[in-house]
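The structure under discussion appears below in the form of C-alpha coordinates.
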Amino acid sequence: MLAKISPVFLLLLSLLTLTQCKKDEIETVEDFDEYLASEMERQKIPALAALIFKENEILHEAYLGESNVEQSATLNANGVFLLASVSKLITGTALLQLHEQGRFGLDEPINDYLPFAVSVPNYSEQITFRMLLTHTSGIADGAALDGQYYYGQDSPVALGDFLQNYLSTSGNLYDASDNFHDFAPGTQAEYSNIGSALIALLVEEISQTDFNTYCKNNIFTPLGMSQTFWRLDEATQSGLPLVMPYNSTASGFEAIGHYTFTDYPNGGLRTTARDMQRFLSALAQNGRAGNGFQLLQSATVAAMLTPQIPDLDADAGLHTFRMNTEHNLWGHDGGEQGVATIVAFNPSTKIGIVLFANEGEANLDAMLTEAYELSLKL
(Lines give C-alpha, C1' and ligand atoms only; values in the text may rest on other atoms or scores of the structure.)
Protein backbone atom coordinates (compact mmCIF):
# COMPACT_ATOMS: atom_id res chain seq x y z
CA MET A 1 0.00 0.00 0.00
CA LEU A 2 1.40 3.38 -0.99
CA ALA A 3 1.84 5.99 1.73
CA LYS A 4 -0.27 9.09 1.39
CA ILE A 5 1.78 12.13 0.41
CA SER A 6 0.93 15.36 2.21
CA PRO A 7 -0.39 18.17 -0.03
CA VAL A 8 1.89 20.55 1.86
CA PHE A 9 4.87 18.37 1.00
CA LEU A 10 3.86 18.32 -2.64
CA LEU A 11 3.58 22.12 -2.65
CA LEU A 12 7.02 22.52 -1.07
CA LEU A 13 8.50 20.03 -3.54
CA SER A 14 6.92 21.92 -6.41
CA LEU A 15 8.26 25.24 -5.19
CA LEU A 16 11.73 23.76 -4.69
CA THR A 17 11.68 22.31 -8.19
CA LEU A 18 10.54 25.59 -9.71
CA THR A 19 13.23 27.49 -7.84
CA GLN A 20 15.92 25.07 -8.99
CA CYS A 21 14.71 25.22 -12.56
CA LYS A 22 14.67 28.98 -12.40
CA LYS A 23 18.25 29.09 -11.17
CA ASP A 24 19.35 26.57 -13.79
CA GLU A 25 17.73 28.67 -16.50
CA ILE A 26 20.02 31.65 -15.83
CA GLU A 27 22.71 30.80 -18.33
CA THR A 28 22.93 34.05 -20.29
CA VAL A 29 22.74 37.77 -19.63
CA GLU A 30 19.31 37.75 -21.27
CA ASP A 31 18.14 35.16 -18.74
CA PHE A 32 19.61 37.26 -15.95
CA ASP A 33 17.87 40.44 -17.09
CA GLU A 34 14.57 38.58 -17.28
CA TYR A 35 15.17 37.34 -13.74
CA LEU A 36 15.86 40.89 -12.57
CA ALA A 37 12.69 42.16 -14.23
CA SER A 38 10.65 39.44 -12.53
CA GLU A 39 12.18 40.32 -9.15
CA MET A 40 11.41 43.99 -9.71
CA GLU A 41 7.78 43.13 -10.36
CA ARG A 42 7.58 40.76 -7.41
CA GLN A 43 9.25 43.14 -4.97
CA LYS A 44 7.72 46.32 -6.42
CA ILE A 45 11.00 48.04 -7.29
CA PRO A 46 10.71 51.09 -9.58
CA ALA A 47 14.32 51.08 -10.83
CA LEU A 48 17.26 48.70 -10.59
CA ALA A 49 20.88 49.03 -11.68
CA ALA A 50 22.97 45.86 -11.93
CA LEU A 51 26.62 45.67 -12.97
CA ILE A 52 28.98 42.69 -13.11
CA PHE A 53 32.71 43.21 -13.58
CA LYS A 54 35.99 41.33 -13.57
CA GLU A 55 39.10 43.33 -12.80
CA ASN A 56 38.68 46.47 -14.97
CA GLU A 57 36.21 45.00 -17.45
CA ILE A 58 32.45 45.37 -17.18
CA LEU A 59 31.04 41.96 -18.11
CA HIS A 60 27.41 43.02 -18.06
CA GLU A 61 25.28 45.93 -16.91
CA ALA A 62 21.52 46.42 -16.87
CA TYR A 63 19.44 49.49 -16.10
CA LEU A 64 15.78 48.62 -15.64
CA GLY A 65 12.69 50.60 -14.73
CA GLU A 66 12.23 54.30 -14.10
CA SER A 67 14.47 56.60 -12.11
CA ASN A 68 11.53 58.97 -11.71
CA VAL A 69 8.07 57.43 -12.06
CA GLU A 70 6.21 60.75 -12.12
CA GLN A 71 8.35 61.97 -15.01
CA SER A 72 8.40 58.57 -16.78
CA ALA A 73 12.20 58.88 -16.77
CA THR A 74 13.87 55.65 -17.88
CA LEU A 75 16.86 54.63 -15.76
CA ASN A 76 20.19 54.75 -17.60
CA ALA A 77 23.87 54.40 -16.77
CA ASN A 78 24.02 58.02 -15.55
CA GLY A 79 21.39 57.44 -12.88
CA VAL A 80 22.73 58.63 -9.52
CA PHE A 81 21.55 56.51 -6.58
CA LEU A 82 21.72 57.22 -2.87
CA LEU A 83 23.88 54.39 -1.50
CA ALA A 84 22.85 54.17 2.15
CA SER A 85 25.41 52.14 4.15
CA VAL A 86 27.43 51.08 1.11
CA SER A 87 28.83 54.59 1.64
CA LYS A 88 30.79 53.19 4.59
CA LEU A 89 33.24 51.52 2.21
CA ILE A 90 34.40 54.97 1.10
CA THR A 91 34.51 56.31 4.65
CA GLY A 92 36.56 53.38 5.89
CA THR A 93 38.93 53.64 2.93
CA ALA A 94 39.58 57.32 3.64
CA LEU A 95 40.63 56.52 7.21
CA LEU A 96 42.79 53.59 6.15
CA GLN A 97 44.64 55.79 3.67
CA LEU A 98 45.74 57.97 6.59
CA HIS A 99 46.69 54.87 8.57
CA GLU A 100 48.98 53.84 5.71
CA GLN A 101 50.71 57.20 6.01
CA GLY A 102 51.58 56.42 9.60
CA ARG A 103 49.30 59.10 11.00
CA PHE A 104 47.87 56.77 13.68
CA GLY A 105 47.81 53.14 14.78
CA LEU A 106 44.66 51.06 14.53
CA ASP A 107 44.82 50.18 18.21
CA GLU A 108 45.45 53.71 19.42
CA PRO A 109 42.66 55.50 21.33
CA ILE A 110 40.63 57.86 19.16
CA ASN A 111 40.50 60.46 21.96
CA ASP A 112 44.13 61.29 21.22
CA TYR A 113 42.94 62.72 17.88
CA LEU A 114 39.57 64.30 18.69
CA PRO A 115 38.77 67.82 19.98
CA PHE A 116 36.39 66.29 22.56
CA ALA A 117 36.43 63.09 24.59
CA VAL A 118 34.27 60.07 23.73
CA SER A 119 33.82 57.43 26.42
CA VAL A 120 31.28 54.68 26.99
CA PRO A 121 29.59 55.45 30.33
CA ASN A 122 30.61 53.24 33.27
CA TYR A 123 33.56 51.68 31.42
CA SER A 124 37.21 52.69 31.51
CA GLU A 125 38.31 50.97 28.28
CA GLN A 126 39.17 53.46 25.56
CA ILE A 127 37.69 53.32 22.07
CA THR A 128 40.27 52.60 19.36
CA PHE A 129 40.27 53.11 15.60
CA ARG A 130 39.95 49.36 15.07
CA MET A 131 36.85 49.30 17.24
CA LEU A 132 35.19 51.95 15.09
CA LEU A 133 36.11 50.00 11.96
CA THR A 134 34.66 46.76 13.37
CA HIS A 135 31.53 48.17 15.07
CA THR A 136 32.73 47.23 18.55
CA SER A 137 33.04 50.76 19.98
CA GLY A 138 29.90 50.66 22.12
CA ILE A 139 28.54 53.80 20.43
CA ALA A 140 24.82 53.39 19.71
CA ASP A 141 22.39 54.96 17.26
CA GLY A 142 20.05 56.87 19.54
CA ALA A 143 16.73 58.61 18.95
CA ALA A 144 18.50 61.92 18.29
CA LEU A 145 19.34 60.66 14.80
CA ASP A 146 15.69 60.78 13.80
CA GLY A 147 15.77 64.56 13.86
CA GLN A 148 18.76 64.86 11.52
CA TYR A 149 17.02 64.22 8.17
CA TYR A 150 16.73 67.14 5.74
CA TYR A 151 14.59 66.95 2.60
CA GLY A 152 15.59 68.87 -0.50
CA GLN A 153 18.72 70.30 1.11
CA ASP A 154 21.97 69.40 2.80
CA SER A 155 22.05 69.47 6.56
CA PRO A 156 22.89 72.95 7.87
CA VAL A 157 24.55 71.37 10.93
CA ALA A 158 28.31 70.73 10.79
CA LEU A 159 29.31 67.10 11.27
CA GLY A 160 31.74 67.91 14.09
CA ASP A 161 29.22 70.06 15.97
CA PHE A 162 26.58 67.35 15.81
CA LEU A 163 28.92 64.58 16.94
CA GLN A 164 30.22 66.66 19.84
CA ASN A 165 26.68 67.39 20.95
CA TYR A 166 25.79 63.71 20.65
CA LEU A 167 28.91 62.10 22.16
CA SER A 168 30.34 64.62 24.62
CA THR A 169 28.93 64.74 28.13
CA SER A 170 28.45 68.51 27.76
CA GLY A 171 26.48 68.16 24.49
CA ASN A 172 22.81 69.05 24.23
CA LEU A 173 22.03 65.72 22.52
CA TYR A 174 23.98 63.60 24.99
CA ASP A 175 22.09 60.67 26.49
CA ALA A 176 24.21 58.14 28.36
CA SER A 177 21.73 55.28 28.02
CA ASP A 178 20.46 56.00 24.49
CA ASN A 179 23.67 57.01 22.74
CA PHE A 180 25.81 54.17 24.08
CA HIS A 181 25.49 50.42 24.60
CA ASP A 182 26.02 48.90 28.01
CA PHE A 183 29.25 47.04 27.31
CA ALA A 184 32.94 47.79 27.43
CA PRO A 185 34.45 48.86 24.09
CA GLY A 186 35.82 45.90 22.18
CA THR A 187 33.79 43.24 24.01
CA GLN A 188 30.67 43.09 21.81
CA ALA A 189 29.76 43.91 18.22
CA GLU A 190 26.84 46.24 17.58
CA TYR A 191 26.46 48.01 14.23
CA SER A 192 26.98 51.73 14.66
CA ASN A 193 26.11 54.44 12.15
CA ILE A 194 27.32 57.13 14.51
CA GLY A 195 30.61 55.30 14.90
CA SER A 196 31.03 55.42 11.13
CA ALA A 197 30.27 59.15 11.06
CA LEU A 198 32.91 59.58 13.76
CA ILE A 199 35.42 57.93 11.41
CA ALA A 200 34.85 60.79 8.96
CA LEU A 201 35.40 63.37 11.67
CA LEU A 202 38.69 61.65 12.54
CA VAL A 203 39.65 61.92 8.86
CA GLU A 204 38.96 65.64 9.05
CA GLU A 205 40.92 66.12 12.28
CA ILE A 206 43.94 64.06 11.18
CA SER A 207 44.13 65.41 7.62
CA GLN A 208 42.98 68.94 8.55
CA THR A 209 40.72 68.75 5.49
CA ASP A 210 36.94 68.79 5.11
CA PHE A 211 35.76 65.20 4.62
CA ASN A 212 34.05 65.92 1.31
CA THR A 213 37.16 67.62 -0.03
CA TYR A 214 39.41 64.86 1.28
CA CYS A 215 37.40 62.20 -0.57
CA LYS A 216 37.43 64.22 -3.78
CA ASN A 217 41.19 64.72 -3.66
CA ASN A 218 42.19 61.23 -2.53
CA ILE A 219 39.50 58.87 -3.84
CA PHE A 220 36.99 60.26 -6.33
CA THR A 221 39.18 62.35 -8.64
CA PRO A 222 42.12 59.89 -8.80
CA LEU A 223 39.73 57.03 -9.62
CA GLY A 224 37.81 59.05 -12.21
CA MET A 225 34.60 58.95 -10.16
CA SER A 226 33.18 62.14 -11.65
CA GLN A 227 29.58 61.13 -10.91
CA THR A 228 30.00 60.69 -7.16
CA PHE A 229 28.84 63.17 -4.50
CA TRP A 230 28.61 63.50 -0.74
CA ARG A 231 26.55 66.69 -0.97
CA LEU A 232 23.03 66.84 -2.38
CA ASP A 233 23.57 70.34 -3.78
CA GLU A 234 26.59 69.16 -5.77
CA ALA A 235 24.69 66.16 -7.10
CA THR A 236 21.78 68.38 -8.13
CA GLN A 237 24.05 70.92 -9.80
CA SER A 238 25.79 68.18 -11.80
CA GLY A 239 22.80 67.92 -14.13
CA LEU A 240 22.84 64.12 -13.83
CA PRO A 241 19.52 62.33 -13.25
CA LEU A 242 19.06 61.68 -9.53
CA VAL A 243 17.18 58.45 -8.91
CA MET A 244 14.11 59.20 -6.78
CA PRO A 245 13.65 57.10 -3.62
CA TYR A 246 10.22 55.47 -3.33
CA ASN A 247 7.95 53.61 -0.98
CA SER A 248 5.84 50.97 -2.70
CA THR A 249 2.12 51.11 -1.88
CA ALA A 250 -0.93 49.10 -2.84
CA SER A 251 -1.73 51.67 -5.53
CA GLY A 252 1.77 52.22 -6.89
CA PHE A 253 4.83 54.16 -5.77
CA GLU A 254 5.07 57.08 -3.36
CA ALA A 255 7.97 59.47 -3.95
CA ILE A 256 9.94 60.28 -0.79
CA GLY A 257 11.98 63.12 -2.23
CA HIS A 258 15.74 63.62 -2.16
CA TYR A 259 17.17 64.00 1.32
CA THR A 260 20.34 64.10 3.38
CA PHE A 261 21.22 63.68 7.05
CA THR A 262 23.76 65.36 9.31
CA ASP A 263 25.72 62.13 9.92
CA TYR A 264 26.04 61.71 6.15
CA PRO A 265 29.39 59.79 6.00
CA ASN A 266 27.65 56.62 7.16
CA GLY A 267 25.12 56.52 4.33
CA GLY A 268 24.78 59.71 2.30
CA LEU A 269 26.95 59.03 -0.76
CA ARG A 270 25.37 59.34 -4.21
CA THR A 271 26.90 57.68 -7.23
CA THR A 272 26.35 55.62 -10.37
CA ALA A 273 26.94 51.91 -10.85
CA ARG A 274 29.90 52.59 -13.15
CA ASP A 275 31.58 54.93 -10.66
CA MET A 276 31.15 52.36 -7.89
CA GLN A 277 32.70 49.76 -10.19
CA ARG A 278 35.82 51.93 -10.48
CA PHE A 279 36.17 51.93 -6.71
CA LEU A 280 35.38 48.25 -6.17
CA SER A 281 37.62 47.03 -8.96
CA ALA A 282 40.55 48.79 -7.29
CA LEU A 283 39.85 46.92 -4.05
CA ALA A 284 39.40 43.67 -5.97
CA GLN A 285 42.84 44.17 -7.54
CA ASN A 286 44.75 44.54 -4.28
CA GLY A 287 44.11 48.27 -4.11
CA ARG A 288 45.36 49.21 -7.57
CA ALA A 289 42.91 50.81 -10.00
CA GLY A 290 42.82 50.22 -13.73
CA ASN A 291 44.30 53.67 -14.37
CA GLY A 292 47.31 52.84 -12.19
CA PHE A 293 46.20 54.75 -9.09
CA GLN A 294 47.04 52.95 -5.85
CA LEU A 295 43.93 53.47 -3.74
CA LEU A 296 45.25 51.35 -0.86
CA GLN A 297 48.25 49.11 -0.37
CA SER A 298 47.69 45.40 -0.88
CA ALA A 299 48.36 44.64 2.78
CA THR A 300 45.65 47.11 3.82
CA VAL A 301 43.13 45.55 1.45
CA ALA A 302 44.03 42.11 2.80
CA ALA A 303 43.33 43.35 6.33
CA MET A 304 39.98 44.78 5.22
CA LEU A 305 39.03 41.32 3.97
CA THR A 306 40.26 39.42 7.01
CA PRO A 307 37.90 38.69 9.94
CA GLN A 308 39.04 41.08 12.65
CA ILE A 309 36.82 39.93 15.51
CA PRO A 310 36.17 36.20 14.84
CA ASP A 311 34.91 35.55 18.37
CA LEU A 312 32.27 38.29 17.97
CA ASP A 313 31.54 38.32 14.24
CA ALA A 314 33.23 35.89 11.87
CA ASP A 315 32.28 37.99 8.82
CA ALA A 316 33.46 41.44 9.91
CA GLY A 317 36.60 42.90 8.34
CA LEU A 318 37.77 46.50 8.55
CA HIS A 319 34.55 48.35 7.70
CA THR A 320 33.64 45.55 5.32
CA PHE A 321 31.64 42.35 5.70
CA ARG A 322 31.67 38.94 4.08
CA MET A 323 28.34 39.13 2.27
CA ASN A 324 28.32 35.59 0.90
CA THR A 325 30.33 32.77 2.45
CA GLU A 326 29.86 30.24 -0.36
CA HIS A 327 31.41 32.55 -2.95
CA ASN A 328 33.66 34.53 -0.55
CA LEU A 329 32.08 37.84 -1.52
CA TRP A 330 33.19 40.83 0.54
CA GLY A 331 31.58 44.24 0.53
CA HIS A 332 28.63 46.00 2.12
CA ASP A 333 24.91 46.46 1.82
CA GLY A 334 22.65 49.36 2.69
CA GLY A 335 19.07 50.32 3.37
CA GLU A 336 17.50 53.73 3.84
CA GLN A 337 14.21 55.43 3.09
CA GLY A 338 13.46 54.41 -0.50
CA VAL A 339 16.92 52.86 -1.04
CA ALA A 340 18.38 49.34 -1.04
CA THR A 341 21.93 48.62 -2.20
CA ILE A 342 24.53 45.86 -2.13
CA VAL A 343 28.04 45.63 -3.56
CA ALA A 344 30.56 42.82 -3.22
CA PHE A 345 33.57 41.18 -4.86
CA ASN A 346 35.63 38.02 -4.64
CA PRO A 347 39.31 38.87 -4.05
CA SER A 348 40.48 35.65 -5.74
CA THR A 349 38.47 35.78 -8.97
CA LYS A 350 38.45 39.61 -8.92
CA ILE A 351 34.80 39.52 -9.96
CA GLY A 352 32.44 42.02 -8.42
CA ILE A 353 28.75 42.94 -8.37
CA VAL A 354 26.95 46.27 -7.99
CA LEU A 355 23.19 46.33 -7.30
CA PHE A 356 21.23 49.53 -6.62
CA ALA A 357 17.46 49.81 -6.11
CA ASN A 358 15.21 52.76 -5.25
CA GLU A 359 12.83 50.98 -2.87
CA GLY A 360 13.80 50.60 0.76
CA GLU A 361 12.26 47.17 1.38
CA ALA A 362 13.93 45.49 -1.60
CA ASN A 363 15.96 42.37 -0.82
CA LEU A 364 18.96 42.09 -3.12
CA ASP A 365 20.77 39.13 -1.55
CA ALA A 366 19.49 36.51 -4.00
CA MET A 367 20.22 38.82 -6.93
CA LEU A 368 23.80 39.14 -5.70
CA THR A 369 24.23 35.37 -5.69
CA GLU A 370 22.63 34.95 -9.11
CA ALA A 371 24.80 37.73 -10.55
CA TYR A 372 28.01 36.17 -9.26
CA GLU A 373 27.09 32.69 -10.44
CA LEU A 374 26.29 34.10 -13.87
CA SER A 375 29.66 35.88 -13.96
CA LEU A 376 31.42 32.54 -13.73
CA LYS A 377 29.78 31.54 -17.01
CA LEU A 378 30.61 34.71 -18.91
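Note on region 20-34: residues that are more than 15 Å from E61 (Cβ to Cβ) and either in a loop (DSSP other than H, G, I, E, B) or at pLDDT 95 or above (or both) total 4.
Taking L368 as the residue in question, decide whether it is modelled with pLDDT of 95 or more and part of a helix (DSSP H, G or I). Against the criterion (modelled with pLDDT of 95 or more and part of a helix (DSSP H, G or I)), L368 qualifies.
Look at F53 and say whether it is under 23 Å from the mean Cα position of the chain (by Cα), modelled with pLDDT of 95 or more and not polar (S, T, N, Q). Don't jump to the end; show me each part of the working.
Numbers: under 23 Å from the mean Cα position of the chain (by Cα): yes; modelled with pLDDT of 95 or more: yes; not polar (S, T, N, Q): yes.
Here the answer is yes, as F53 does meet what is asked.
Assess whether A284 counts as being under 21 Å from D365 (Cα atoms) and in contact with a Ser or Thr (Cβ under 6 Å, 6 or more places away or on another chain). Break it down stepwise before answering.
On the way: under 21 Å from D365 (Cα atoms): yes; in contact with a Ser or Thr (Cβ under 6 Å, 6 or more places away or on another chain): no.
So A284 does not fit the description; no.
Considering only residues that are part of a helix (DSSP H, G or I) and under 20 Å from the mean Cα position of the chain (by Cα), look in region 144-153 and name the one that is surrounded by the most Cβ atoms within 10 Å (Cβ to Cβ). Going through the qualifying residues, I end up with L145.
Entry remark, region 154-186: residues being polar (S, T, N, Q), touching a helix residue (DSSP H, G or I) at 6+ places or on another chain (Cβ under 7 Å) and open to solvent by 10 Å² or more (accessible area, probe 1.4 Å) number 2 in total.
Determine whether A140 is small (G, A, S) and either open to solvent by less than 20 Å² (accessible area, probe 1.4 Å) or in contact (Cβ under 8 Å) with a residue 60 or more places away in the chain (or both). Reasoning before the result, please.
Details: small (G, A, S): yes; either open to solvent by less than 20 Å² (accessible area, probe 1.4 Å) or in contact (Cβ under 8 Å) with a residue 60 or more places away in the chain (or both): yes.
Yes.
Hey, can you tell me all the residues within region 29-54 that are hydroxyl-bearing (S, T, Y) and open to solvent by 40 Å² or more (accessible area, probe 1.4 Å)? Across region 29-54, the qualifying residue is only S38.
Any residue in region 187-200 that is at positive phi and either surrounded by fewer than 16 Cβ atoms within 10 Å (Cβ to Cβ) or assigned to a loop (DSSP other than H, G, I, E, B) (or both)? Checked region 187-200: no residue is at positive phi and either surrounded by fewer than 16 Cβ atoms within 10 Å (Cβ to Cβ) or assigned to a loop (DSSP other than H, G, I, E, B) (or both).
Pairs linking a residue in region 176-187 that is farther than 7 Å from A140 by Cα to a residue that is among the aromatic types (F, W, Y) and surrounded by 14 or more Cβ atoms within 10 Å (Cβ to Cβ), with Cβ atoms under 9 Å and 6 or more positions apart or on different chains, are D182/Y123; F183/Y123; A184/Y123; P185/Y123; T187/Y123. Within region 251-263, residues that are closer than 30 Å to N212 by Cβ have Cβ atoms under 9 Å from residues that are among the hydroxyl-bearing types (S, T, Y) and outside any strand (DSSP E or B) in these pairs: H258/T236; T260/S155; F261/S155; T262/S155; D263/S155; D263/Y166; D263/S196, counting only partners at least 6 apart in sequence or on another chain.
Please go through region 345-376 and give me each residue that is aliphatic (A, V, I, L, M) and either in contact (Cβ under 8 Å) with a residue 40 or more places away in the chain or within 20 Å of Y264 (Cβ to Cβ) (or both), ordered by number.
So in region 345-376, the residues aliphatic (A, V, I, L, M) come out as 351, 353-355, 357, 362, 364, 366-368, 371, 374, 376.
Answer for region 345-376, where residues must be aliphatic (A, V, I, L, M) and either in contact (Cβ under 8 Å) with a residue 40 or more places away in the chain or within 20 Å of Y264 (Cβ to Cβ) (or both): I351, I353, V354, L355, A357, A362, A366, M367, L368, A371, L374.
Test of understanding: among A62, A77, which residue is of a type in the set (G, A, S) and either over 25 Å from A284 (Cα atoms) or in a strand (DSSP E or B) (or both)? A62 is the lone residue from the list that is of a type in the set (G, A, S) and either over 25 Å from A284 (Cα atoms) or in a strand (DSSP E or B) (or both). Residues to consider are Q308, Q297; find the one that is touching a residue at least 24 places away in the same chain (Cβ under 8 Å), more than 24 Å from L374 (Cβ to Cβ), polar (S, T, N, Q) and touching a strand residue (DSSP E or B) at 6+ places or on another chain (Cβ under 7 Å). Unique residue meeting the criteria: Q308. Selection of first residues in region 190-207 that are closer than 15 Å to N179 by Cβ and of second residues that are of a type in the set (G, A, S) and crowded, with 24+ Cβ neighbours inside 10 Å, restricted to Cβ pairs under 7 Å at least 6 apart or on distinct chains, gives the following pairs, ordered by first then second residue: S192/S137; N193/G267; G195/S137. Against the numbered list (1) closer than 30 Å to Y214 by Cβ; (2) hydrophobic (A, V, I, L, M, F, W, C); (3) out of contact with any Asp or Glu (no Cβ under 9 Å at 6 or more places or on another chain), A49 comes up short only at (3).
With the requirement that a residue be open to solvent by less than 50 Å² (accessible area, probe 1.4 Å) and more than 30 Å from G257 (Cβ to Cβ), what does region 342-357 give you? Steps first, answer last, please.
In the first step, residues of region 342-357 are kept if they are open to solvent by less than 50 Å² (accessible area, probe 1.4 Å); the result is 342-347, 349-357.
Within region 342-357, F345, N346, P347, T349, K350, I351, G352 qualify.
Just one of the listed residues (G287, G257) is touching a Gly at 6+ places or on another chain (Cβ under 7 Å) and at positive phi, namely G257.
Can you name the residue in region 55-91 that is of a type in the set (D, E, K, R) and more than 25 Å from N217 (Cβ to Cβ) and is also surrounded by the most Cβ atoms within 10 Å (Cβ to Cβ) among such residues? If you could, list the steps in order and put the result at the bottom.
Initial filter on region 55-91 (of a type in the set (D, E, K, R)): 55, 57, 61, 66, 70, 88.
With more than 25 Å from N217 (Cβ to Cβ) added as a condition, the list becomes 55, 57, 61, 66, 70.
Values: E55: 13, E57: 12, E61: 16, E66: 19, E70: 10.
Looking at the filtered set, the residue picked out is E66.
The values are calculated or read from the model by the stated rules, or taken from the named source; none is laboratory data. Small disclaimer: the values here were computed from a predicted structure and weren't measured. A quick note on method: Cβ atoms are made from the backbone with ideal geometry, for glycine too, and the neighbour counts reach across all protein chains shown. Heavy atoms of the whole protein, side chains included, go into the accessibility calculation; ligands, DNA and RNA do not. Shrake-Rupley method; radii C 1.70, N 1.55, O 1.52, S 1.80 Å.
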